[in-house]
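Worksheet for the structure shown next.
The values are calculated or read from the model by the stated rules, or taken from the named source; none is laboratory data. Since the structure is predicted, the reported quantities are computational estimates derived from the model, not experimental observations. Neighbour counts run over all protein chains shown; Cβ positions are idealised from the backbone, glycine included.
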Amino acid sequence: MNIETGPIPRLPRGFRDIPPEDVLLRERMIASVCSVYRRYGFEPLETPHIEYLDALGKHLPDVDAPDGGVFAFRDDSAEWVALRYDLTAPLARYVAEHEKDIVFPYRRYQVGPVFRLEKPGPGRFREFYQCDFDTVGAGSPAADAEACCALADALEAAGVERGGYIVKINNRKALNGALEAAGVVSAADGSASDNSLVVLRAIDKLDRVGMDGVIRLLGEGRKDESGDFTKGAGLSNSQIDSIVKYLRASGSGRTDVCDTLFEAVKDSETGREGVSELRAIHDMLSAAGFGEDRAVFDPLIVRGLAYYTGPVFEAALTFETTDERGEKKQFGSVAGGGRYDTLVERFLGRKVPATGASIGVDRLMSALKQLLPPDASAYSAPVLVTAMDPSLMPEYQKLVFEIRSAGIPAELFTGSGGFRKQLKYADRRNLPLAVICGEDELNSGTVSIKDLLLGRELSKDIKDRAAWVDDRPAQITAPRSELVATIKRMLSDNIK
RNA sequence: GCCGAGGUAGCUUAGCUGGUCUAAAGCGCUUGACUGUGGAUCAAGAGAGCAUGGGUUCGAAUCCCCUCCUCGGUACCA
(Lines give C-alpha, C1' and ligand atoms only; values in the text may rest on other atoms or scores of the structure.)
Protein backbone atom coordinates (compact mmCIF):
# COMPACT_ATOMS: atom_id res chain seq x y z
CA MET A 1 0.00 0.00 0.00
CA ASN A 2 2.72 2.29 0.94
CA ILE A 3 5.40 1.30 -1.47
CA GLU A 4 7.10 4.29 -2.98
CA THR A 5 7.46 2.90 -6.45
CA GLY A 6 5.18 0.86 -8.61
CA PRO A 7 1.76 1.37 -10.12
CA ILE A 8 -1.39 1.86 -8.12
CA PRO A 9 -3.75 -1.07 -8.57
CA ARG A 10 -6.96 0.47 -9.84
CA LEU A 11 -9.61 0.02 -12.45
CA PRO A 12 -10.09 2.47 -15.31
CA ARG A 13 -13.08 4.70 -14.84
CA GLY A 14 -16.35 3.10 -15.78
CA PHE A 15 -15.01 -0.45 -15.83
CA ARG A 16 -15.52 -3.21 -13.32
CA ASP A 17 -14.54 -6.70 -12.31
CA ILE A 18 -17.25 -9.30 -12.50
CA PRO A 19 -17.46 -11.62 -9.50
CA PRO A 20 -17.70 -15.38 -10.09
CA GLU A 21 -21.39 -15.75 -9.36
CA ASP A 22 -22.19 -13.04 -11.88
CA VAL A 23 -19.97 -14.57 -14.52
CA LEU A 24 -21.77 -17.86 -14.09
CA LEU A 25 -25.19 -16.28 -14.07
CA ARG A 26 -24.35 -14.40 -17.22
CA GLU A 27 -23.08 -17.50 -18.95
CA ARG A 28 -26.29 -19.31 -18.18
CA MET A 29 -28.41 -16.41 -19.24
CA ILE A 30 -26.62 -15.96 -22.53
CA ALA A 31 -26.86 -19.64 -23.25
CA SER A 32 -30.63 -19.62 -22.81
CA VAL A 33 -31.13 -16.50 -24.84
CA CYS A 34 -28.95 -17.71 -27.69
CA SER A 35 -30.71 -21.02 -27.85
CA VAL A 36 -33.90 -19.11 -28.55
CA TYR A 37 -32.20 -17.14 -31.30
CA ARG A 38 -30.97 -20.34 -32.86
CA ARG A 39 -34.46 -21.77 -32.67
CA TYR A 40 -35.60 -18.81 -34.73
CA GLY A 41 -33.03 -19.64 -37.35
CA PHE A 42 -30.38 -17.08 -36.51
CA GLU A 43 -26.79 -18.20 -36.85
CA PRO A 44 -23.90 -17.02 -34.74
CA LEU A 45 -21.25 -14.60 -35.87
CA GLU A 46 -18.29 -13.10 -34.13
CA THR A 47 -16.58 -9.95 -35.25
CA PRO A 48 -13.57 -8.35 -33.60
CA HIS A 49 -13.87 -5.87 -30.77
CA ILE A 50 -12.01 -3.35 -32.89
CA GLU A 51 -13.02 -1.86 -36.21
CA TYR A 52 -11.81 1.01 -38.29
CA LEU A 53 -13.31 4.14 -36.92
CA ASP A 54 -14.90 5.18 -40.20
CA ALA A 55 -16.49 1.76 -40.59
CA LEU A 56 -18.21 2.26 -37.25
CA GLY A 57 -19.71 5.44 -38.56
CA LYS A 58 -17.83 7.94 -36.49
CA HIS A 59 -15.96 10.49 -38.50
CA LEU A 60 -12.32 11.08 -37.97
CA PRO A 61 -11.61 13.41 -35.13
CA ASP A 62 -9.94 16.65 -36.09
CA VAL A 63 -6.99 16.28 -33.83
CA ASP A 64 -5.40 13.63 -31.72
CA ALA A 65 -8.23 13.60 -29.26
CA PRO A 66 -10.92 11.39 -30.76
CA ASP A 67 -14.53 12.34 -30.51
CA GLY A 68 -16.36 11.54 -27.35
CA GLY A 69 -18.34 8.38 -27.38
CA VAL A 70 -15.91 5.84 -28.69
CA PHE A 71 -12.58 4.53 -27.54
CA ALA A 72 -10.42 5.29 -30.52
CA PHE A 73 -6.71 5.23 -31.22
CA ARG A 74 -4.30 4.90 -34.10
CA ASP A 75 -2.87 1.55 -35.06
CA ASP A 76 0.69 0.99 -36.25
CA SER A 77 -0.03 2.38 -39.68
CA ALA A 78 -1.60 5.49 -38.19
CA GLU A 79 -5.12 4.38 -39.10
CA TRP A 80 -7.87 5.29 -36.70
CA VAL A 81 -9.40 2.24 -35.09
CA ALA A 82 -11.96 2.03 -32.33
CA LEU A 83 -13.56 -0.35 -29.91
CA ARG A 84 -17.02 -1.19 -31.18
CA TYR A 85 -19.81 0.69 -29.45
CA ASP A 86 -22.52 -1.73 -30.51
CA LEU A 87 -22.90 -4.91 -32.55
CA THR A 88 -25.02 -3.46 -35.31
CA ALA A 89 -22.38 -1.27 -36.90
CA PRO A 90 -19.95 -4.19 -37.24
CA LEU A 91 -22.79 -6.21 -38.73
CA ALA A 92 -23.37 -3.55 -41.34
CA ARG A 93 -19.68 -3.64 -42.19
CA TYR A 94 -19.69 -7.42 -42.34
CA VAL A 95 -22.71 -7.56 -44.58
CA ALA A 96 -21.35 -4.92 -46.92
CA GLU A 97 -17.98 -6.62 -47.07
CA HIS A 98 -19.36 -10.07 -47.78
CA GLU A 99 -22.40 -9.03 -49.72
CA LYS A 100 -21.69 -11.41 -52.56
CA ASP A 101 -21.26 -14.46 -50.36
CA ILE A 102 -24.11 -13.96 -47.97
CA VAL A 103 -27.41 -15.65 -48.58
CA PHE A 104 -30.18 -13.17 -47.93
CA PRO A 105 -32.17 -12.70 -45.84
CA TYR A 106 -29.19 -13.01 -43.56
CA ARG A 107 -30.03 -13.83 -39.97
CA ARG A 108 -27.32 -13.71 -37.38
CA TYR A 109 -26.93 -13.27 -33.65
CA GLN A 110 -23.92 -12.05 -31.76
CA VAL A 111 -23.04 -11.68 -28.11
CA GLY A 112 -20.21 -9.75 -26.64
CA PRO A 113 -18.94 -6.69 -24.88
CA VAL A 114 -19.24 -3.26 -26.41
CA PHE A 115 -17.55 -0.09 -25.27
CA ARG A 116 -18.68 3.47 -24.89
CA LEU A 117 -16.67 6.40 -23.72
CA GLU A 118 -19.41 8.09 -21.76
CA LYS A 119 -19.92 9.17 -18.23
CA PRO A 120 -20.64 6.13 -16.12
CA GLY A 121 -23.85 6.29 -14.14
CA PRO A 122 -25.93 4.08 -11.94
CA GLY A 123 -25.87 0.71 -13.67
CA ARG A 124 -24.04 2.23 -16.61
CA PHE A 125 -20.52 1.20 -17.43
CA ARG A 126 -18.12 1.78 -20.25
CA GLU A 127 -17.97 -1.89 -21.09
CA PHE A 128 -21.12 -3.93 -21.19
CA TYR A 129 -22.58 -6.96 -22.89
CA GLN A 130 -25.08 -6.98 -25.67
CA CYS A 131 -26.96 -9.88 -27.14
CA ASP A 132 -28.01 -8.96 -30.65
CA PHE A 133 -29.97 -10.58 -33.40
CA ASP A 134 -30.80 -9.12 -36.78
CA THR A 135 -32.32 -9.96 -40.11
CA VAL A 136 -30.69 -8.22 -43.05
CA GLY A 137 -32.29 -8.15 -46.46
CA ALA A 138 -35.89 -8.55 -45.43
CA GLY A 139 -38.14 -5.54 -45.69
CA SER A 140 -41.34 -7.23 -44.68
CA PRO A 141 -43.03 -6.36 -41.40
CA ALA A 142 -43.01 -10.11 -40.83
CA ALA A 143 -39.34 -9.82 -39.96
CA ASP A 144 -40.13 -7.10 -37.45
CA ALA A 145 -42.92 -9.13 -35.93
CA GLU A 146 -40.62 -12.09 -35.62
CA ALA A 147 -38.02 -10.00 -33.86
CA CYS A 148 -40.60 -9.06 -31.28
CA CYS A 149 -41.54 -12.69 -30.79
CA ALA A 150 -37.93 -13.69 -30.41
CA LEU A 151 -37.44 -10.96 -27.84
CA ALA A 152 -40.38 -12.20 -25.81
CA ASP A 153 -39.29 -15.82 -26.02
CA ALA A 154 -35.73 -14.94 -25.13
CA LEU A 155 -36.81 -13.15 -21.99
CA GLU A 156 -38.87 -16.11 -20.94
CA ALA A 157 -35.98 -18.44 -21.60
CA ALA A 158 -33.77 -16.26 -19.45
CA GLY A 159 -36.16 -16.72 -16.57
CA VAL A 160 -38.64 -13.85 -16.78
CA GLU A 161 -42.12 -15.21 -16.39
CA ARG A 162 -44.87 -14.32 -18.79
CA GLY A 163 -46.48 -11.20 -17.44
CA GLY A 164 -43.19 -10.09 -15.98
CA TYR A 165 -42.28 -8.33 -19.18
CA ILE A 166 -43.96 -6.59 -22.06
CA VAL A 167 -42.76 -5.89 -25.59
CA LYS A 168 -43.86 -2.44 -26.68
CA ILE A 169 -44.01 -1.71 -30.37
CA ASN A 170 -44.31 1.51 -32.29
CA ASN A 171 -43.40 2.78 -35.72
CA ARG A 172 -41.16 5.70 -36.49
CA LYS A 173 -43.22 6.38 -39.54
CA ALA A 174 -46.28 6.88 -37.36
CA LEU A 175 -44.23 9.16 -35.19
CA ASN A 176 -43.09 11.11 -38.20
CA GLY A 177 -46.68 11.30 -39.34
CA ALA A 178 -47.54 12.94 -36.07
CA LEU A 179 -44.71 15.41 -36.51
CA GLU A 180 -45.94 16.19 -39.99
CA ALA A 181 -49.44 16.69 -38.70
CA ALA A 182 -48.08 19.13 -36.16
CA GLY A 183 -46.11 20.90 -38.82
CA VAL A 184 -42.77 20.10 -37.23
CA VAL A 185 -41.52 18.40 -40.36
CA SER A 186 -42.78 18.87 -43.81
CA ALA A 187 -43.96 15.83 -45.72
CA ALA A 188 -41.96 16.85 -48.73
CA ASP A 189 -38.65 17.08 -47.01
CA GLY A 190 -39.18 14.26 -44.53
CA SER A 191 -35.62 14.48 -43.30
CA ALA A 192 -35.12 14.69 -39.59
CA SER A 193 -34.53 18.30 -38.74
CA ASP A 194 -32.83 19.19 -35.50
CA ASN A 195 -36.10 20.29 -34.17
CA SER A 196 -37.81 17.00 -34.82
CA LEU A 197 -35.10 15.29 -32.80
CA VAL A 198 -35.83 17.62 -29.90
CA VAL A 199 -39.49 16.77 -30.19
CA LEU A 200 -38.81 13.05 -30.29
CA ARG A 201 -36.57 13.34 -27.24
CA ALA A 202 -39.29 15.16 -25.39
CA ILE A 203 -41.78 12.42 -26.23
CA ASP A 204 -39.28 9.80 -25.10
CA LYS A 205 -39.20 11.39 -21.67
CA LEU A 206 -42.89 11.23 -20.99
CA ASP A 207 -42.60 8.50 -18.40
CA ARG A 208 -39.93 10.37 -16.50
CA VAL A 209 -40.99 13.98 -16.61
CA GLY A 210 -44.72 13.58 -17.04
CA MET A 211 -47.04 15.31 -19.48
CA ASP A 212 -46.32 18.75 -18.01
CA GLY A 213 -42.63 18.22 -18.45
CA VAL A 214 -43.09 17.13 -22.04
CA ILE A 215 -45.24 20.16 -22.80
CA ARG A 216 -42.51 22.38 -21.40
CA LEU A 217 -39.86 20.58 -23.41
CA LEU A 218 -41.93 21.07 -26.55
CA GLY A 219 -42.19 24.75 -25.79
CA GLU A 220 -39.55 26.88 -24.16
CA GLY A 221 -37.76 24.25 -22.14
CA ARG A 222 -37.72 22.69 -18.74
CA LYS A 223 -35.73 23.12 -15.58
CA ASP A 224 -35.28 20.02 -13.46
CA GLU A 225 -34.91 19.88 -9.73
CA SER A 226 -31.15 19.97 -9.87
CA GLY A 227 -31.49 23.35 -11.56
CA ASP A 228 -30.35 22.14 -14.95
CA PHE A 229 -32.20 23.73 -17.81
CA THR A 230 -33.05 21.79 -20.93
CA LYS A 231 -33.80 23.88 -23.94
CA GLY A 232 -37.13 23.09 -25.54
CA ALA A 233 -38.25 22.69 -29.11
CA GLY A 234 -39.88 26.08 -29.21
CA LEU A 235 -43.12 24.88 -30.78
CA SER A 236 -46.21 27.01 -30.98
CA ASN A 237 -49.15 26.23 -28.76
CA SER A 238 -51.14 24.74 -31.60
CA GLN A 239 -48.23 22.50 -32.54
CA ILE A 240 -47.91 21.39 -28.93
CA ASP A 241 -51.62 20.66 -28.82
CA SER A 242 -51.29 18.52 -31.89
CA ILE A 243 -48.42 16.50 -30.40
CA VAL A 244 -50.20 16.12 -27.09
CA LYS A 245 -53.22 14.81 -28.93
CA TYR A 246 -50.99 12.16 -30.45
CA LEU A 247 -49.49 11.32 -27.07
CA ARG A 248 -52.95 10.74 -25.62
CA ALA A 249 -53.89 8.54 -28.53
CA SER A 250 -53.11 5.26 -26.89
CA GLY A 251 -55.85 2.68 -26.95
CA SER A 252 -56.50 -0.49 -25.06
CA GLY A 253 -55.66 -3.12 -27.63
CA ARG A 254 -53.34 -3.27 -30.62
CA THR A 255 -56.11 -2.71 -33.14
CA ASP A 256 -57.51 0.12 -31.05
CA VAL A 257 -54.13 1.77 -31.02
CA CYS A 258 -53.90 1.40 -34.77
CA ASP A 259 -57.31 2.99 -35.19
CA THR A 260 -56.61 5.99 -32.99
CA LEU A 261 -53.14 6.35 -34.47
CA PHE A 262 -54.62 6.37 -37.91
CA GLU A 263 -56.94 9.17 -36.93
CA ALA A 264 -53.99 11.16 -35.61
CA VAL A 265 -51.81 10.75 -38.69
CA LYS A 266 -54.20 10.15 -41.55
CA ASP A 267 -53.14 13.31 -43.35
CA SER A 268 -49.60 12.08 -43.68
CA GLU A 269 -48.66 9.46 -46.18
CA THR A 270 -45.73 8.35 -44.04
CA GLY A 271 -48.00 8.11 -41.04
CA ARG A 272 -50.53 5.97 -42.89
CA GLU A 273 -47.76 3.69 -44.05
CA GLY A 274 -46.54 3.33 -40.48
CA VAL A 275 -49.96 2.37 -39.23
CA SER A 276 -50.46 -0.19 -41.95
CA GLU A 277 -47.12 -1.76 -41.04
CA LEU A 278 -48.30 -1.96 -37.47
CA ARG A 279 -51.46 -3.67 -38.60
CA ALA A 280 -49.37 -6.21 -40.49
CA ILE A 281 -47.28 -6.81 -37.40
CA HIS A 282 -50.40 -7.30 -35.35
CA ASP A 283 -51.64 -9.94 -37.77
CA MET A 284 -48.34 -11.78 -37.54
CA LEU A 285 -48.22 -11.62 -33.76
CA SER A 286 -51.74 -12.88 -33.45
CA ALA A 287 -51.11 -15.72 -35.85
CA ALA A 288 -48.07 -16.71 -33.82
CA GLY A 289 -50.13 -16.67 -30.66
CA PHE A 290 -48.55 -13.59 -29.13
CA GLY A 291 -51.34 -11.83 -27.33
CA GLU A 292 -51.58 -8.50 -25.60
CA ASP A 293 -50.04 -10.03 -22.52
CA ARG A 294 -46.74 -10.21 -24.36
CA ALA A 295 -46.70 -7.54 -27.02
CA VAL A 296 -48.57 -4.26 -27.15
CA PHE A 297 -48.54 -1.20 -29.38
CA ASP A 298 -47.40 1.93 -27.66
CA PRO A 299 -47.26 5.21 -29.60
CA LEU A 300 -44.87 6.64 -27.02
CA ILE A 301 -41.95 4.37 -27.81
CA VAL A 302 -39.28 6.36 -29.63
CA ARG A 303 -36.06 4.34 -29.23
CA GLY A 304 -32.78 6.04 -29.88
CA LEU A 305 -32.91 8.79 -32.36
CA ALA A 306 -30.62 8.10 -35.17
CA TYR A 307 -31.05 5.28 -37.54
CA TYR A 308 -34.42 3.70 -37.06
CA THR A 309 -36.63 3.95 -40.09
CA GLY A 310 -39.73 1.90 -39.36
CA PRO A 311 -41.05 -0.29 -36.59
CA VAL A 312 -39.30 0.14 -33.25
CA PHE A 313 -39.71 -1.98 -30.18
CA GLU A 314 -38.51 -2.32 -26.69
CA ALA A 315 -38.95 -4.88 -23.97
CA ALA A 316 -39.56 -3.72 -20.44
CA LEU A 317 -39.76 -5.65 -17.22
CA THR A 318 -42.93 -4.86 -15.39
CA PHE A 319 -42.16 -6.00 -11.89
CA GLU A 320 -41.49 -3.36 -9.30
CA THR A 321 -38.27 -2.79 -7.50
CA THR A 322 -37.78 -0.76 -4.42
CA ASP A 323 -34.82 1.55 -4.52
CA GLU A 324 -32.81 2.58 -1.51
CA ARG A 325 -35.20 5.39 -0.75
CA GLY A 326 -38.06 2.97 -0.56
CA GLU A 327 -39.65 4.32 -3.70
CA LYS A 328 -41.19 1.80 -6.00
CA LYS A 329 -40.25 1.80 -9.61
CA GLN A 330 -40.82 -0.44 -12.53
CA PHE A 331 -37.65 -2.13 -13.55
CA GLY A 332 -37.96 -0.80 -17.07
CA SER A 333 -36.38 -1.44 -20.41
CA VAL A 334 -33.96 -4.32 -20.89
CA ALA A 335 -33.97 -4.69 -24.65
CA GLY A 336 -34.75 -2.73 -27.72
CA GLY A 337 -34.54 -2.67 -31.45
CA GLY A 338 -36.19 -1.78 -34.66
CA ARG A 339 -35.89 -1.43 -38.36
CA TYR A 340 -32.92 0.36 -39.84
CA ASP A 341 -32.99 0.30 -43.61
CA THR A 342 -30.16 2.77 -44.12
CA LEU A 343 -27.27 1.39 -42.10
CA VAL A 344 -25.69 -0.71 -44.82
CA GLU A 345 -26.35 2.05 -47.28
CA ARG A 346 -23.27 3.88 -46.03
CA PHE A 347 -21.12 1.18 -47.53
CA LEU A 348 -23.02 0.11 -50.60
CA GLY A 349 -24.81 3.26 -51.61
CA ARG A 350 -28.20 1.65 -51.69
CA LYS A 351 -30.73 0.73 -49.12
CA VAL A 352 -30.58 -2.71 -47.58
CA PRO A 353 -33.53 -3.42 -45.32
CA ALA A 354 -32.66 -4.71 -41.90
CA THR A 355 -34.32 -5.19 -38.58
CA GLY A 356 -33.20 -6.55 -35.27
CA ALA A 357 -32.97 -6.12 -31.55
CA SER A 358 -30.57 -6.30 -28.74
CA ILE A 359 -30.87 -7.44 -25.15
CA GLY A 360 -28.94 -5.48 -22.54
CA VAL A 361 -27.34 -8.40 -20.82
CA ASP A 362 -26.19 -6.56 -17.73
CA ARG A 363 -29.51 -4.91 -17.03
CA LEU A 364 -31.37 -8.14 -17.54
CA MET A 365 -28.92 -9.79 -15.20
CA SER A 366 -29.50 -7.39 -12.37
CA ALA A 367 -33.21 -7.94 -12.86
CA LEU A 368 -32.75 -11.67 -12.81
CA LYS A 369 -30.86 -11.44 -9.56
CA GLN A 370 -33.94 -9.95 -7.99
CA LEU A 371 -36.29 -12.39 -9.64
CA LEU A 372 -34.56 -15.68 -9.16
CA PRO A 373 -34.11 -17.36 -5.80
CA PRO A 374 -30.65 -16.67 -4.39
CA ASP A 375 -29.21 -20.15 -4.76
CA ALA A 376 -30.24 -20.31 -8.37
CA SER A 377 -27.04 -18.40 -8.87
CA ALA A 378 -24.99 -20.65 -6.62
CA TYR A 379 -22.56 -22.80 -8.43
CA SER A 380 -21.23 -26.21 -7.51
CA ALA A 381 -18.15 -25.50 -5.48
CA PRO A 382 -15.60 -28.25 -5.45
CA VAL A 383 -15.09 -30.94 -2.86
CA LEU A 384 -11.80 -30.41 -1.06
CA VAL A 385 -9.45 -33.31 -0.55
CA THR A 386 -7.38 -32.33 2.44
CA ALA A 387 -3.75 -33.21 2.74
CA MET A 388 -3.31 -34.17 6.33
CA ASP A 389 -0.11 -36.03 5.86
CA PRO A 390 2.14 -34.54 3.15
CA SER A 391 3.82 -37.86 2.60
CA LEU A 392 0.51 -39.24 1.41
CA MET A 393 0.13 -36.73 -1.43
CA PRO A 394 0.07 -39.38 -4.17
CA GLU A 395 -2.75 -41.11 -2.35
CA TYR A 396 -4.65 -37.82 -2.12
CA GLN A 397 -4.10 -37.20 -5.79
CA LYS A 398 -5.68 -40.57 -6.45
CA LEU A 399 -8.71 -39.60 -4.40
CA VAL A 400 -9.14 -36.32 -6.25
CA PHE A 401 -9.04 -37.91 -9.65
CA GLU A 402 -11.46 -40.57 -8.59
CA ILE A 403 -13.94 -37.91 -7.56
CA ARG A 404 -13.40 -35.89 -10.71
CA SER A 405 -13.89 -38.95 -12.86
CA ALA A 406 -17.35 -39.20 -11.38
CA GLY A 407 -18.05 -35.71 -12.69
CA ILE A 408 -17.86 -34.02 -9.32
CA PRO A 409 -15.71 -30.90 -9.08
CA ALA A 410 -12.87 -31.61 -6.70
CA GLU A 411 -9.64 -30.05 -5.69
CA LEU A 412 -6.60 -31.10 -3.75
CA PHE A 413 -5.32 -28.74 -1.12
CA THR A 414 -2.06 -27.59 -2.58
CA GLY A 415 -1.34 -24.69 -0.28
CA SER A 416 0.85 -24.74 2.73
CA GLY A 417 -0.34 -25.15 6.27
CA GLY A 418 -1.67 -27.69 8.65
CA PHE A 419 -4.92 -29.52 8.68
CA ARG A 420 -6.62 -26.84 10.66
CA LYS A 421 -5.75 -24.28 8.10
CA GLN A 422 -7.02 -26.50 5.35
CA LEU A 423 -10.45 -26.79 6.86
CA LYS A 424 -10.50 -23.09 7.39
CA TYR A 425 -9.69 -22.63 3.74
CA ALA A 426 -12.59 -24.86 2.77
CA ASP A 427 -14.88 -23.02 5.12
CA ARG A 428 -13.98 -19.61 3.78
CA ARG A 429 -14.43 -20.73 0.24
CA ASN A 430 -17.78 -22.22 1.08
CA LEU A 431 -16.81 -25.64 -0.15
CA PRO A 432 -19.44 -28.26 0.62
CA LEU A 433 -17.37 -31.27 1.62
CA ALA A 434 -13.91 -32.08 2.86
CA VAL A 435 -12.39 -35.49 2.29
CA ILE A 436 -10.11 -36.50 5.12
CA CYS A 437 -7.63 -39.32 4.97
CA GLY A 438 -5.00 -39.53 7.67
CA GLU A 439 -3.25 -42.32 9.42
CA ASP A 440 -6.42 -43.71 11.01
CA GLU A 441 -8.30 -43.91 7.76
CA LEU A 442 -5.36 -45.31 5.88
CA ASN A 443 -4.91 -48.10 8.37
CA SER A 444 -8.55 -49.06 8.33
CA GLY A 445 -9.05 -48.70 4.58
CA THR A 446 -11.56 -45.90 4.97
CA VAL A 447 -11.99 -42.23 4.23
CA SER A 448 -13.73 -39.61 6.29
CA ILE A 449 -15.96 -37.05 4.67
CA LYS A 450 -17.06 -33.95 6.47
CA ASP A 451 -20.14 -31.98 5.53
CA LEU A 452 -18.92 -28.47 6.08
CA LEU A 453 -22.24 -26.77 5.44
CA LEU A 454 -24.08 -28.98 7.88
CA GLY A 455 -21.25 -28.66 10.35
CA ARG A 456 -21.52 -24.93 10.20
CA GLU A 457 -25.16 -25.18 11.20
CA LEU A 458 -24.43 -27.57 14.02
CA SER A 459 -21.67 -25.39 15.40
CA LYS A 460 -24.23 -22.83 16.45
CA ASP A 461 -25.35 -25.11 19.26
CA ILE A 462 -21.95 -26.30 20.30
CA LYS A 463 -20.46 -24.51 23.22
CA ASP A 464 -17.24 -26.17 24.16
CA ARG A 465 -14.29 -27.19 22.18
CA ALA A 466 -14.19 -30.82 23.15
CA ALA A 467 -17.60 -31.43 21.61
CA TRP A 468 -16.57 -29.56 18.51
CA VAL A 469 -13.34 -31.42 18.01
CA ASP A 470 -13.92 -34.89 19.33
CA ASP A 471 -17.48 -35.52 18.25
CA ARG A 472 -16.62 -34.63 14.71
CA PRO A 473 -20.05 -33.33 13.86
CA ALA A 474 -21.37 -33.80 10.35
CA GLN A 475 -18.59 -36.18 9.54
CA ILE A 476 -18.82 -39.78 8.51
CA THR A 477 -16.29 -42.45 7.79
CA ALA A 478 -16.91 -44.82 4.91
CA PRO A 479 -15.00 -47.63 3.29
CA ARG A 480 -12.50 -46.34 0.80
CA SER A 481 -14.32 -48.17 -2.00
CA GLU A 482 -17.49 -46.19 -1.33
CA LEU A 483 -15.83 -42.82 -1.58
CA VAL A 484 -17.66 -41.52 -4.63
CA ALA A 485 -21.01 -42.99 -3.69
CA THR A 486 -20.82 -41.43 -0.26
CA ILE A 487 -19.87 -38.05 -1.64
CA LYS A 488 -22.74 -38.13 -4.06
CA ARG A 489 -25.17 -38.95 -1.32
CA MET A 490 -23.88 -36.22 0.94
CA LEU A 491 -23.94 -33.64 -1.81
CA SER A 492 -27.53 -34.38 -2.66
CA ASP A 493 -28.48 -34.25 1.03
CA ASN A 494 -26.71 -30.96 1.19
CA ILE A 495 -28.87 -29.43 -1.48
CA LYS A 496 -31.94 -30.07 0.61
C1' G B 1 -21.46 18.65 -20.06
C1' C B 2 -24.25 20.77 -15.75
C1' C B 3 -25.92 20.57 -10.41
C1' G B 4 -25.23 18.34 -5.59
C1' A B 5 -22.90 15.02 -1.76
C1' G B 6 -18.58 12.73 -0.52
C1' G B 7 -13.22 10.62 -0.43
C1' U B 8 -9.73 8.46 7.04
C1' A B 9 -6.71 0.71 7.79
C1' G B 10 -9.28 -4.97 3.32
C1' C B 11 -14.62 -3.38 4.88
C1' U B 12 -17.97 -0.02 7.84
C1' U B 13 -17.22 4.17 10.40
C1' A B 14 -15.43 7.92 14.67
C1' G B 15 -12.58 12.30 14.70
C1' C B 16 -13.46 17.59 10.96
C1' U B 17 -15.62 24.99 15.93
C1' G B 18 -6.98 23.31 14.15
C1' G B 19 -2.49 21.25 18.87
C1' U B 20 -4.01 15.72 23.68
C1' C B 21 -4.03 12.11 16.28
C1' U B 22 3.66 9.49 15.25
C1' A B 23 -5.09 8.88 14.08
C1' A B 24 -9.50 5.46 17.18
C1' A B 25 -13.25 1.45 16.98
C1' G B 26 -15.98 -2.78 15.20
C1' C B 27 -15.68 -6.47 11.53
C1' G B 28 -12.04 -9.00 8.74
C1' C B 29 -6.95 -10.79 8.54
C1' U B 30 -2.21 -13.27 10.67
C1' U B 31 0.07 -16.23 14.57
C1' G B 32 -0.33 -19.17 18.94
C1' A B 33 -3.16 -22.17 22.86
C1' C B 34 -7.02 -25.80 23.07
C1' U B 35 -1.67 -31.18 21.00
C1' G B 36 -6.07 -34.97 13.28
C1' U B 37 -11.19 -30.74 12.52
C1' G B 38 -13.56 -24.96 9.95
C1' G B 39 -17.21 -22.48 14.63
C1' A B 40 -16.67 -20.54 19.99
C1' U B 41 -13.13 -18.82 23.67
C1' C B 42 -8.36 -16.88 25.25
C1' A B 43 -3.55 -14.55 24.08
C1' A B 44 -0.36 -11.93 20.83
C1' G B 45 0.09 -9.24 16.17
C1' A B 46 0.06 -6.96 11.17
C1' G B 47 -2.38 -3.03 8.74
C1' A B 48 -3.99 3.79 7.19
C1' G B 49 -0.84 8.82 8.20
C1' C B 50 -6.19 10.72 6.77
C1' A B 51 -7.52 10.83 -2.31
C1' U B 52 -3.59 14.28 -4.79
C1' G B 53 -1.07 18.95 -5.15
C1' G B 54 -0.78 23.79 -3.26
C1' G B 55 -2.04 27.56 0.44
C1' U B 56 -3.21 29.72 5.50
C1' U B 57 -0.83 28.76 10.39
C1' C B 58 4.14 28.24 15.32
C1' G B 59 1.06 23.81 14.33
C1' A B 60 -4.06 20.67 9.75
C1' A B 61 -7.27 14.49 8.92
C1' U B 62 -9.51 18.94 10.73
C1' C B 63 -9.73 25.90 7.40
C1' C B 64 -9.12 27.68 1.86
C1' C B 65 -8.15 26.63 -3.51
C1' C B 66 -6.93 23.27 -7.86
C1' U B 67 -7.05 18.44 -9.73
C1' C B 68 -8.53 13.38 -9.61
C1' C B 69 -11.96 9.77 -8.18
C1' U B 70 -16.65 7.83 -6.16
C1' C B 71 -21.86 8.35 -5.45
C1' G B 72 -26.59 10.68 -6.73
C1' G B 73 -29.60 13.82 -10.08
C1' U B 74 -29.83 15.89 -15.00
C1' A B 75 -28.34 15.98 -20.12
C1' C B 76 -26.60 12.75 -23.97
C1' C B 77 -27.00 7.86 -25.63
C1' A B 78 -25.24 4.81 -32.00
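Elements of the type strands (runs of 3 or more DSSP E) sitting completely within region A:209-320 and holding at least 1 residues that are at positive phi and more than 30 Å from the chain's Cα centre (by Cα): these cover A:221-223. Has region A:289-296 got any residue that is in contact with a Phe, Trp or Tyr (Cβ under 9 Å, 6 or more places away or on another chain) and away from RNA strand B (no atom under 16 Å from the Cβ)? The answer is yes, given that some residue of region A:289-296 is in contact with a Phe, Trp or Tyr (Cβ under 9 Å, 6 or more places away or on another chain) and away from RNA strand B (no atom under 16 Å from the Cβ). Of the helices (runs of 4 or more DSSP H) entirely within region A:415-496, those holding at least 3 residues that are under 37 Å from the mean Cα position of the chain (by Cα) occupy A:419-428, A:452-458, A:483-495. Within region A:16-57, restricting attention to residues that are within 13 Å of RNA strand B (Cβ to nearest atom) and either over 22 Å from the mean Cα position of the chain (by Cα) or loosely packed, with under 13 Cβ neighbours inside 10 Å (or both), the residue that is modelled with the highest pLDDT is A:GLU51. All of A:GLY271, A:GLY349 fail the test of being among the small types (Gly, Ala, Ser), crowded, with 18+ Cβ neighbours inside 10 Å and modelled with pLDDT of 90 or more, apart from A:GLY271. For A:TYR246, the stated conditions do not hold, so it cannot be described as within 25 Å of A:PHE128 (Cβ to Cβ) and among the hydroxyl-bearing types (Ser, Thr, Tyr).
Every residue in region A:448-471 that is under 23 Å from A:GLU402 (Cβ atoms), within 6 Å of RNA strand B (Cβ to nearest atom) and charged (D, E, K, R), please. Scanning region A:448-471 gives a single hit, A:LYS450.
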